[in-house]
Number of protein chains: 2
Amino acid sequence: MISKNQIKQVKSLHLKKFRDEEKLFIAEGIKVVNEIVTTNPEIIQQLFVTETYLKGNSNVLPENKVQYTNISEEDLKKISTQSQPNNALAVCYYFEDTAPETDFTKHFSFYLDDIRDPGNLGTILRMADWFGIGEIFCSKQSTDVYNPKTIQSAMGSFLRVKVHYCDLYEVIKKNTPVYGAVLDGENIYNTKLQNGLIIIGNEANGISDKNLKLITHPVTIPSAANSTSESLNAAMAASVICSEFFRQLR
Amino acid sequence: MISKNQIKQVKSLHLKKFRDEEKLFIAEGIKVVNEIVTTNPEIIQQLFVTETYLKGNSNVLPENKVQYTNISEEDLKKISTQSQPNNALAVCYYFEDTAPETDFTKHFSFYLDDIRDPGNLGTILRMADWFGIGEIFCSKQSTDVYNPKTIQSAMGSFLRVKVHYCDLYEVIKKNTPVYGAVLDGENIYNTKLQNGLIIIGNEANGISDKNLKLITHPVTIPSAANSTSESLNAAMAASVICSEFFRQLR
């Protein structure tokens, strides 16, 4: 059973303010919860599961020695961030702050300059995970990695890809190639790419002026000759660029 | 002023059932509405704009001879599909059904096999627009192109990229190369691609069995050697594949 006080406390984590105070976030759904239980059980502070969950996943929790609280579907609806909750909700501890460790002479990564859409950030984490990028960087004004929509769209990738919030100048060294996705750069398909950092701009305004100055290699995804489209979605642009770096450098 | 009856009628278009009955859909926000007004005013059945819209866009409607109804922010909130409506809402006629016209010996396009997320469909329309793809195909069970979330995430691309709902066999001819994004196909970066049709599967279940059989060229976006990720988001996979086709064939 969940108490009224617990309901109130979990619900408070829907808001960034309280997440930051408590250093706790919510991850939901059978698939993601099972992934946490099997790979990162130590981040679970509380776990709520329905009878339906227990029937379909009877071995998962005992095998991983994870404690849980039974919850009715009605109560789950009260604490869930989703309109149609999916039988399991974990309250998890924030990840530890660690120092960035990407060696840009050997790897490439992304710097998201004021990315605002939590779904875009989650999708980019999933992409980074696929292409073997272990950490990405975000400007301090970017959307919150612990936003329920980010966690949801990242699937389990938030467990594997670290996110650092910092200014661009803190990440790059003197000789780090800094690529920027802009509208008038070199055609990315014709550019010989090196490992380095790739800046993806804000959904509406692109890359900020102060970061534009730090770009050493402006690159562009060319549009078709017959296209009148103005822009690609930020996550789609990131995936096209990531794919091209991966193709050339893997 | 908008009448109570009009409010009711526009609100009914939030649901597919009524959209299909009336053959009308909603497009919202200053940017998209201005794009419709300037490029496709003929699809507007009714246009509602706030004072804020009129102040900032005083010439757009008269120049394009488009009729409109003033609406208060309060009433706009009642008919809007968004939690934070953005000053303009157009009720638009469905596009005419036309016969598919892609010549797969000269162009490539996508077949979305039960794509369910309206945001994914919208993002794919935006991508298609960027890469000059004039029409895409969807299985009949796929999400609705007129869903407000599809329209919103497509930006203006729904005006330029046609969507046909049909079975796969209706689209392809005997010699059409049919690519399918699967987990055990040929590495797409090492495949010499031709123009043809590319199948993207459902977000959870991939490509349906009946369509798997029609694939002539199974292809895969390789993941990094160190990755344990299971899959890419459907729209991201589509964008990576589209980019690679574009790079090789443009």
* Every other copy gets compared here: list the nm distances from the B:LYS77 label point (7 Å along Cα to Cβ) to its counterparts, shortest first, one decimal. => 2.5
* Formal net charge of residues neighbouring A:ASN70 (Cβ-Cβ distance under 13 Å; K, R +1; D, E -1) -> -3
* Could you tell me the distance between the Cα centroids of region B:115-169 and region A:193-233, to the nearest Å? => 24
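Looking at the square roots a ≥ b ≥ c of the eigenvalues of the Cα gyration tensor of region B:4-93, which shape do they give, rounded for a/c under 1.5, prolate if a/b is larger than b/c, or oblate?
Note, shape of region B:4-93 comes out oblate.
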* To do: First check a/c for region B:109-249, with a ≥ b ≥ c the square roots of the eigenvalues of its C-alpha gyration tensor; if it is under 1.5, answer rounded, and if not, answer prolate when a/b is larger than b/c or oblate otherwise.
  => rounded
* Asked: Which of B:ILE115, B:ILE124, B:ILE30 moves the most in a Gaussian network model of chain B with Cα springs under 10 Å?
  -> B:ILE30
* Taking chain B and dividing mean pair separation by its residue count, relative contact order in percent (alpha carbons under 8 Å, at least six apart) -> 18
* **Gaussian network model of chain A, Cα within-10 Å springs - most flexible of A:LYS162, A:LYS16, A:LYS173** => A:LYS173
* To do: Work from the charge dipole of the protein assembly as shown (Cβ charges, +1 for Lys and Arg, -1 for Asp and Glu, about the Cα centre) and give the residue of B:PRO222, A:ALA238, A:SER58 farthest towards its positive end.
  => A:SER58
* Structure fact -> Counting only DSSP beta bridges with both partners in the protein assembly as shown, the antiparallel fraction in percent, to the nearest 5, comes to 35
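Using only alpha carbon pairs under 8 Å that are at least six residues apart, calculate the relative contact order of region A:125-250 and give it in whole percent.
For region A:125-250, the relative contact order is 25 percent.
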* To do: Mind giving me the FRET efficiency for B:THR228 and A:THR228? R0 is 41 Å, r the Cβ-Cβ distance, nearest 0.05 is fine.
  => 0.50
* In the Gaussian network model of chain A, springs joining C-alpha atoms below 10 Å, which of A:SER208, A:SER80, A:SER139 carries the largest mean-square fluctuation? -> A:SER208
* Structure fact -> The convex hull of the Cα atoms of the protein assembly as shown, divided by residue count, gives a volume in Å³ per residue of 171
* What number comes out for the charge environment of A:HIS164, summing +1 per Lys or Arg and -1 per Asp or Glu over other residues with Cβ under 13 Å away? -> -4
* Structure fact -> As a percent rounded to 5, the proportion of antiparallel DSSP bridges among beta bridges in chain A is 35
* Structure fact -> Mean separation of Cα contacts under 8 Å (at least 6 apart) over the residue count of region B:15-74, i.e. the relative contact order in percent, is 32
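Rule-based calculations on the coordinates, nothing more; no lab input. Bear in mind that the values here come from a model prediction, so they are computed numbers and not experimental data. Please note: Cβ atoms are built from the backbone with ideal geometry, for glycine as well, and neighbour counts cover all protein chains shown.
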